[in-house]
Amino acid sequence: MSIPPTLALADATGRRWDAVVVGAGPAGAMAARELARNGLRVLLVERAAFPRSKVCGCCLNARSLATLKAVGLGTLTARCGARPLHTLQLGGQGTEARVALPQGVALSREIFDAALVSEAMRSGADFLPRTRAILEGVERDRRRVRLEQAYPSLSPGARVGNDVVSASVVLAADGLGGNLLARAGVTSAPPEPGARIGAGVVLEEAPAFYRPGVVFMACAAHGYVGLVRLEDGRLDLGAALDTAWVRRRGGPGEAAGDVLSSVGWPLPDRLAQRGWKGTAPLTRHAGRLAAERVFVLGDAAGYVEPFTGEGIGWALAAGVAVAPLAVSAAVDWQPELARQWAIVHRRIVGHRLVCRTTAAVLRWPRLVEWAIRLLAIAPALAAPVVGLLNRKERV
Ligand SMILES: Cc1cc2nc3c(=O)[nH]c(=O)nc-3n(C[C@H](O)[C@H](O)[C@H](O)COP(=O)(O)OP(=O)(O)OC[C@H]3O[C@@H](n4cnc5c(N)ncnc54)[C@H](O)[C@@H]3O)c2cc1C
């Protein structure tokens, strides 16, 4: 069922907002909830209609679950019917290994993100979906944000509602390749040269080989594909693929099919013809994390290839950690807050060393093959890395 807006565009422009949060993914929805719980008047703006799907592996690790618990949302994933995960099954050319997972659940992004938005609304945040935000300048201690709405009953682009709101502080949680800051003339996170693109699809029907509770990860020279059963039995596929290979093969479905075939895992029926969605290039350096009266968080603040499934954990932790700084900024913006956010943010994502190292290793098929062979003999060798990735965050 869709989540309706809590107010109309015209009403939003007439109100005095403490905070406008752009993007209702895990980072934005969590931040909106935390700010509303702190008594701020919050407007959460989202370009898409909600619920919306998103290219993702849909796995929440121990870190994500710990952050939810720390802010009183410990039962949220269970209430959504999330599937517990117990095993990571790695596949390379002619080799396979199984590694135990200490914790984690699989949950579709339609359900998870919508549940977080509902929690933000329950805490008092207003929600304006189907609305694109464009950052404008600062005027008398307030940041201006232009909001654009296409009228759904008319043909696309026929007429748009267009108005400006202002707030003491704006949170840019507009996701991978988000260009909110860039539009205001501030450099955002540019992709690294040769960065892979993401692609994904959710299938109603799929081979029984892909069992619930297991994260399947197929690795090949041109990319990797993660597969997991969701709460309703559908199979989620999330992939990171070389752009040139996707182009050569004629689409992400063909390229992902190559990866699965090279590992020898069964191909879902008509895989290439399903409704694959792609993303912008994945790995990007952190750009500016703040500008006057703006904080950047989540994927918009930089990202590394998704193999290790850390993105949601980082986004949730950032949504919680930005709240005290945004509350201060709403009272009195000080440039020092931008510096503080850079420090706090670095503490949350670290140097993304494990992810960067994993991403680098994945570019060497021979190394991947040996690593999987080694893990097949001694799965316990994976424990330190799995432990690091599931390290619980202090929030
Ligand atoms: C292939 C793949 C697999 C992945 N697998 C996993 C995994 O298994 N586990 C994990 O933890 N992470 C995974 N990730 C990473 C995870 O998806 C992201 O890190 C996470 O979604 C980041 O959350 P976010 O809130 O920053 O951004 P998003 O979830 O992308 O949300 C941003 C929102 O902003 C909205 N928006 C953008 N621009 C505007 C605008 N101008 N105005 C209004 N709204 C706007 C978008 O519509 C979107 O809803 C994966 C990523 C990929 C690509």
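Just to be sure I understand: of the beta bridges DSSP finds with both ends in the range 27-179, what percent are antiparallel, rounded to 5? Antiparallel bridges make up about 90 percent of those DSSP assigns within the range 27-179. Would you tally the net charge around ALA330, using a Cβ to Cβ cut-off of less than 12 Å, leaving ALA330 out, and scoring K and R as +1, D and E as -1? Net charge around ALA330: +2. Across ALA240, ALA206, ALA120, mean-square fluctuation computed from a Gaussian network of the chain (C-alpha pairs under 10 Å connected) peaks at ALA206. Note on the chain: Rg/Rh from C-alpha atoms, Kirkwood Rh, equals 0.97.
The length gained by stretching the chain between ASP232 and VAL331 to full extension, at 0.36 nm per residue less their Cα-Cα distance, is 31.2 nm. Per-residue Cβ neighbour counts within 10 Å put HIS222, HIS345 in the sequence HIS222, HIS345, beginning with the fewest. May I ask you to derive the FRET efficiency for VAL164 and THR75 from their Cβ-Cβ distance with R0 = 30 Å, giving the value to the nearest 0.05? E between VAL164 and THR75, to the nearest 0.05, is 0.15. For the chain, hydrophobic long helices are taken as DSSP H runs at least 24 Å long by C-alpha position along their axis with mean Kyte-Doolittle hydropathy of -1.0 or more; these are 311-331.
Using only Cα atoms, what Kirkwood radius does the range 254-332 have, in angstroms? Let's see the in-between values first.
Working: mean 1/r = 0.0630 Å⁻¹.
That comes to 15.9 Å for the range 254-332.
Considering only DSSP beta bridges with both partners in the chain, what is the antiparallel share in %, to the nearest 5? Approximately 70 percent, going by the DSSP bridge assignments.
Ordering of 265-273, 63-71 by packing is 63-71, 265-273, highest average first (other Cβ atoms within 10 Å, averaged per residue).
Only the coordinates and a few stated rules stand behind these numbers; no lab work does. The model shown is predicted, which means the values in this text are computed figures rather than measured ones. Counting neighbours? That spans all protein chains shown, and the Cβs are built from the backbone with ideal geometry, glycine included.
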